Amino acid sequence: MKLLDIAEVSRSSGVPASTLRYYDEIGLISSLGRHGLRRQFGPDVLLQLALIAMGKSAGFSLEEISGMFGRDGKAKLPRQQLHDRADELDRHIRELTALRDTLRHVADCSAPSHMECPTFRRLVDLSARRRRRGPKRR
């Protein structure tokens, strides 16, 4: 098996070497050794990094993503957790689509004032409710 130098992994994955070192330190990925001071990784690290990036894009924390890999570094994806996150993304997409449509309506609204536009008023009310609830963070 050909080992990849940290610089090769960084170049191929687009992940900075400092992030690779951090992921290695927290056990998210594993270097297989060193060549001098440079960490060496197996070729499967590129797939792991792609899965990590996808997990981050989906809103999973690094801790959650870490739990999706076995001790051998192979993905053990929890199907129900993935379904739940997909459902959250669907809800978020619907909210963003409604917000986009409302903004476009308000931009083109023929009402004399935005405050007289019922759609604009709904947007303001929705925004205020979201601020009171606070951001959803994992």
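The values are calculated or read from the model by the stated rules, or taken from the named source; none is laboratory data. Only a predicted model underlies this, so the values are computations on that prediction, with no experimental measurement involved. Every residue, glycine among them, receives a Cβ derived from its backbone with ideal geometry; neighbour counts consider all protein chains shown.
Results for (1) more than 19 Å from Arg21 (Cβ to Cβ); (2) in contact with a helix residue (DSSP H, G or I) (Cβ under 6 Å, 6 or more places away or on another chain); (3) in the same structural domain as Ser13 (by TED's automatic domain parsing); (4) among the aromatic types (Phe, Trp, Tyr), shown as yes or no for each residue.
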position	(1), (2), (3), (4)
Gln48	no, no, yes, no
Met54	yes, no, yes, no
Asp72	yes, no, no, no
Asp84	yes, no, no, no
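Looking at Ile93, Ile52, just one residue is farther than 28 Å from Leu4 by Cβ and of a type in the set (Val, Ile, Thr), and that residue is Ile93. Could you give every pair whose Cβ atoms fall below 6 Å, whose first residue belongs to region 23-36 and is over 10 Å from Phe69 (Cβ atoms), and whose second residue is modelled with pLDDT of 90 or more and in a helix (DSSP H, G or I), counting only separations of at least 6 or pairs across chains? Taking only residues 6 or more apart or on different chains, the pairs are Ser31/Asp24. Scanning region 13-49 for residues that are under 15 Å from Lys2 (Cβ atoms) and small (Gly, Ala, Ser) yields Ser31, Gly33, Gly42. When Pro118 is tested against (1) modelled with pLDDT under 85; (2) under 23 Å from Tyr23 (Cα atoms), just one condition goes unmet, and that condition is (2).
Applying the set (1) at pLDDT 95 or above; (2) within 18 Å of the chain's Cα centre (by Cα) to Arg11 leaves exactly one unmet item: (2).
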